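Single-structure report; data block below.
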Amino acid sequence: MNKLSASEIRTRFLSCFERKGHRPVQSSGLRPSNDPTLLFTNAGMVQFKDLFLGREKREYTRAATSQKCLRVSGKHNDLENVGRTPRHHTFFEMLGNFSFGDYFKREAIEYAWELLTGDLGLPKDRLYVTVFQADDEAYNLWRDVIGVPEERIGRLGEADNFWAMGETGPCGPCSEIHWDKGPAHGPGGPAIFGSERLLEIWNLVFMQYDRNARGELSPLPRPSIDTGMGLERIASVVQGVESNYDTDLFQPIIQDVSRLAGKSYGEDSEDDVSMRVIADHSRAAAFLIGEGIIPSNEGRGYVLRRVMRRAIRHGDRLGFKEPFFHRACLTVCDFMQEHYPELRDNRSFIEKVVIQEETRFRKTLKHGITLLEEAIASVRKDGGQVLPGKTAFTLYDTYGFPLDLTQVIAGEHGLGVDEAGFDLHMEEQRNRGGDFKAGDAAVEGVYKQAREITGPTAFLGHTHEVASGRVLAIIRDGALTDSAATGDRIEFITDATPFYAESGGQVGDTGYAVVPANGEAEVTLRITDTRKPAPDLHIHQATVTAGALRKGDVLTLRVDSPRRAATRANHSATHLLHWALREVLGDHVKQAGSLVSPDRLRFDYTHFEPLTAAQTREIEDLVNERIRGNFDVHTDETGMDEARARGAMALFGEKYGDVVRVVQVSPESIELCGGTHVARTGDIGFFHIVSDGAVAAGVRRIEAVTGVGFARHQREMDDLLMQAARQLKTAPRELPKSIERLLEQQKSLQREIENLQRQLARGGGDASGSEREVNGIKVVSRLSPVADIKSLREQVDHWKDRIKSGVVVVGAVADGKATLVAGVTSDLTHRFQAGEIVKQLAAMVGGKGGGRADFAQAGGPNAGELPKALEAVYGLIG
């Protein structure tokens, strides 16, 4: 058996299936673009889901992939087992071959066997297979065609060998191929099936049924194949090691961590767990950040934060006191960038995000640990066994501790965590601030129905602003209909359209549509938006302003040209802005979101500090130089590999097909983009940054204007400038000096007011009536006309200095509430406690109080009792 590297296994897999007519398809992102119900891509079939469901057509019917996957939440929550078992991971690669109504069971079985025993060289006598108990066809194929002895074929039930996409929909039996780890792992014979001796390495799903709501199965018209084999697992078999962590997919990271920590892997079991956790989590972090996902407290960003902070915590256990995790992530980039070039492209960005997150977490880690240890001690002192959910939530919300980190630390002290209480506080926070639910973005059913009727929409808008289109579907009140009358608000679909549908940050077009009269009343529609609920489906949102629209009518569709022109200018400007930001700030800058509308552009980008005034000017100057250069804007379509070779930038979170549209706005700015753009950069007119601010950790937002939008913005600024100049009775150029003089006058007046308040509070320097002597003790108890706490404290200090030895109490009323401040000179604190005095007085005004022996303050809602309380001071001292 050849000990192939994981890279060689991946290459041999894809090459084998390419020889068999499969299209090698690039891995889709970890952020699913076609399934809003999923947080992360968790299987190879995710990017093909619409193909299996018949919603999408492609030019191939066979495909093979090595798919990036992540399983850390929901059904596939493997996080707690990661590092403690040989095969649990967060990030992993899934090798898969797929048939979309092409071949079926026989070929799937033959191809799998050929790859394992031929290309990978596994001995046949160590391979076992299982089939669904009722799947005689698969059983016979394994026995009669492949020649697997009956004693190495097991029949298992639905729980083990039947796959379903959901409660309803496509499903079917599956067949699993297993590796025999040998007698040391258990007995042979019939008991081998389901035992630890067999290691599942490949699952072949035969998608042949459709299950309805009653649970009834009916044959699919075009049965399909979906297979999955974990690269990490097959690598452990081919390389002859017991654990996935001993393969060349993990050992480079583990050895680097071992060297940095000064600890040998294999000497201490707990240290080994920590090294494995760091190795696994560094892979997840590098790939997630490489796709533009930033650590945060919501959604995907929260999962990333949990993963990273769990790794950093394990680094702390290994003795790392300074940031280290970025080094592990860079090791991942270095040895996996050949197959995943996005790691090379985003290397510096990954490094900076990881360093920032670890630095931030280390600042709070110590404080959070102290709070947690105090809470644990309190629970144990009271004989409890569960840490309160509120404490866990405070650690999460204030100190950034993921729940599972709190659970781990509490578990080390023999305590559980009140998860229900934590969830309750989390829900309250979400209700206060809103929460993203992935399913909210799911395509509505009516659009699925419409897509089945209409087929794809031909988009003509890159070259046309007026075009004809036949009405294929009309939607009114959420349902398909054949016609619409004057005044109806509808959505409609045509076979072709010049209207750009909202996507890629660019807003949808607006405009008009007309059905020419042809002897009947003319039909007109006002189109208010264009959206795209599916990749190739354009929905026009409109109001019928005259006549009656019918399915089958041929419309003349006319885009609002001035609005489109302004939008084009802003979109092309975002490309130049993206380039300029990278020039000025560094190549860690990536687009993290955008909004391109007619009046403005909004651009989110990855960076870690505000723009300086000099940087802002430099960015504006670079963009405006390219605008004045009046460069031709070039667009063409090409393959993804060629686009990358030309230096085209792909954007975070976008899904690209095999053929991509490349837009070159200037010699330096080349991006993949499906939006509309100017013909020449001079058409943008002018570019100006209005604002720059933070929107999340590591993500900033620029608001900017161009062309007509800049002229409008400049007029507004000029009007404000003139208004301010008139109010200050000065020229606009003299405003800074006038404002500076005004601020100095304000500071001078404020100082004078504070001085007068102090004199007033102290009785204008007159002490008569404020001081009494009680049993030889000087006592000052007085009502102050100034109520702010700073002034009250100054008064107490003033009277203490004045009487040298004694007790001082000052009270005041503000907003109907009483405030009391007390002080005792140091020579008397052994006899009188300021805290005790205030405590008794506070009770008289309906409040509580306390403090130090020499100083204390309190308050209460019953301001009317304050005079009595101040008079009672003399009795307390007496």
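Looking only at residues of region 640-663 that are within 26 Å of residue 534 (Cβ to Cβ) and in a helix (DSSP H, G or I), we find that the one that is modelled with the highest pLDDT is 643. Taken together, the residues in region 698-735 that are outside any helix (DSSP H, G or I), touching a Pro at 6+ places or on another chain (Cβ under 8 Å) and open to solvent by 30 Å² or more (accessible area, probe 1.4 Å) amount to 0.
The residue pairs whose first member lies in region 91-104 and is under 14 Å from residue 9 (Cα atoms) and modelled with pLDDT of 95 or more, whose second member is buried (at least 22 other Cβ atoms within 10 Å of the Cβ) and aromatic (Phe, Trp, Tyr), and whose beta carbons are closer than 8 Å, counting only pairs six or more residues apart or on different chains, are 95/13. If residue 419 satisfies every condition in (1) open to solvent by 60 Å² or more (accessible area, probe 1.4 Å); (2) closer than 16 Å to residue 313 by Cα but one, which is the exception? (2) is the only condition that residue 419 fails.
Among the residues of region 373-396, is any in contact with a strand residue (DSSP E or B) (Cβ under 7 Å, 6 or more places away or on another chain), assigned to a helix (DSSP H, G or I) and open to solvent by 10 Å² or more (accessible area, probe 1.4 Å)? Yes, some residue in region 373-396 is in contact with a strand residue (DSSP E or B) (Cβ under 7 Å, 6 or more places away or on another chain), assigned to a helix (DSSP H, G or I) and open to solvent by 10 Å² or more (accessible area, probe 1.4 Å). Counting the residues of region 852-866 that are in contact with a Gly (Cβ under 8 Å, 6 or more places away or on another chain) and surrounded by fewer than 19 Cβ atoms within 10 Å (Cβ to Cβ) gives 6. Each residue in region 1-46 was checked for being open to solvent by 20 Å² or more (accessible area, probe 1.4 Å) and β-branched (Val, Ile, Thr), and 2 pass.
Against the condition part of a helix (DSSP H, G or I) and among the hydrophobic types (A, V, I, L, M, F, W, C), how does residue 234 come out, does it pass? Against the criterion (part of a helix (DSSP H, G or I) and among the hydrophobic types (A, V, I, L, M, F, W, C)), residue 234 qualifies.
Scanning region 477-494 for residues that are farther than 28 Å from residue 35 by Cβ and within 36 Å of the chain's Cα centre (by Cα), we see that the one that is most open to solvent (accessible area, probe 1.4 Å) is 489.
Cβ-Cβ contacts under 7 Å between residues 6 or more apart (or on different chains), taken from a first residue in region 749-777 that is modelled with pLDDT under 80 and open to solvent by less than 70 Å² (accessible area, probe 1.4 Å) to a second residue that is of a type in the set (Lys, Arg) and part of a strand (DSSP E or B), are listed as 770/782. Scanning region 112-135 for residues that are out of contact with any Phe, Trp or Tyr (no Cβ under 7 Å at 6 or more places or on another chain) and either surrounded by 20 or more Cβ atoms within 10 Å (Cβ to Cβ) or assigned to a loop (DSSP other than H, G, I, E, B) (or both) yields a count of 10. Within region 867-878, being more than 14 Å from residue 848 (Cα to Cα) and crowded, with 19+ Cβ neighbours inside 10 Å holds for 870, 873, 877. Which pairs have Cβ atoms under 9 Å, sit 6 or more apart or on different chains, and link a residue in region 843-866 that is within 28 Å of residue 830 (Cβ to Cβ) and in contact (Cβ under 8 Å) with a residue 60 or more places away in the chain to one that is open to solvent by 30 Å² or more (accessible area, probe 1.4 Å) and assigned to a loop (DSSP other than H, G, I, E, B)? Hits for this filter: zero, empty list. Within region 306-344, being outside any helix (DSSP H, G or I), free of Cβ contacts under 8 Å to residues at least 60 places away in the same chain and not basic (Lys, Arg) holds for 319, 322, 323, 337.
Within the bounds of region 631-639, is there any residue that is part of a helix (DSSP H, G or I), among the polar types (S, T, N, Q) and either touching a Pro at 6+ places or on another chain (Cβ under 7 Å) or surrounded by 14 or more Cβ atoms within 10 Å (Cβ to Cβ) (or both)? Within region 631-639, none of the residues are part of a helix (DSSP H, G or I), among the polar types (S, T, N, Q) and either touching a Pro at 6+ places or on another chain (Cβ under 7 Å) or surrounded by 14 or more Cβ atoms within 10 Å (Cβ to Cβ) (or both). Return a yes/no flag: does region 262-285 have any residue that is touching a residue at least 40 places away in the same chain (Cβ under 8 Å) and part of a loop (DSSP other than H, G, I, E, B). Yes, region 262-285 has at least one match.
Being at pLDDT 65 or above, of a type outside the set (S, T, N, Q) and farther than 23 Å from residue 37 by Cβ is the filter here, so list the residues in region 430-455 that pass it. Answer for region 430-455, where residues must be at pLDDT 65 or above, of a type outside the set (S, T, N, Q) and farther than 23 Å from residue 37 by Cβ: 453, 455. Where strands (runs of 3 or more DSSP E) fall wholly inside region 808-864, the ranges with 1 or more residues that are among the charged types (D, E, K, R) are 817-824, 848-851. For region 778-798, taking the residues that are assigned to a strand (DSSP E or B) and within 17 Å of residue 841 (Cα to Cα), the one that is most open to solvent (accessible area, probe 1.4 Å) is identified as 783.
Here the strands (runs of 3 or more DSSP E) wholly within region 453-552 that include at least 3 residues being of a type in the set (A, V, I, L, M, F, W, C) are 466-476, 489-494, 511-515, 523-534, 537-546. Checking each residue in region 578-608 for being aliphatic (A, V, I, L, M) and either at pLDDT below 95 or surrounded by fewer than 23 Cβ atoms within 10 Å (Cβ to Cβ) (or both) picks out 584, 585, 589, 592, 595.
The values are calculated or read from the model by the stated rules, or taken from the named source; none is laboratory data. Worth saying up front: this structure is predicted, and the values here are computed from it rather than measured. Note: ideal-geometry Cβ built from the backbone for every residue, glycine included; neighbour counts use all protein chains shown. Each accessible area value is taken on the protein alone, full model and side chains, heavy atoms only, with ligands, DNA and RNA left out. Shrake-Rupley method; radii C 1.70, N 1.55, O 1.52, S 1.80 Å.
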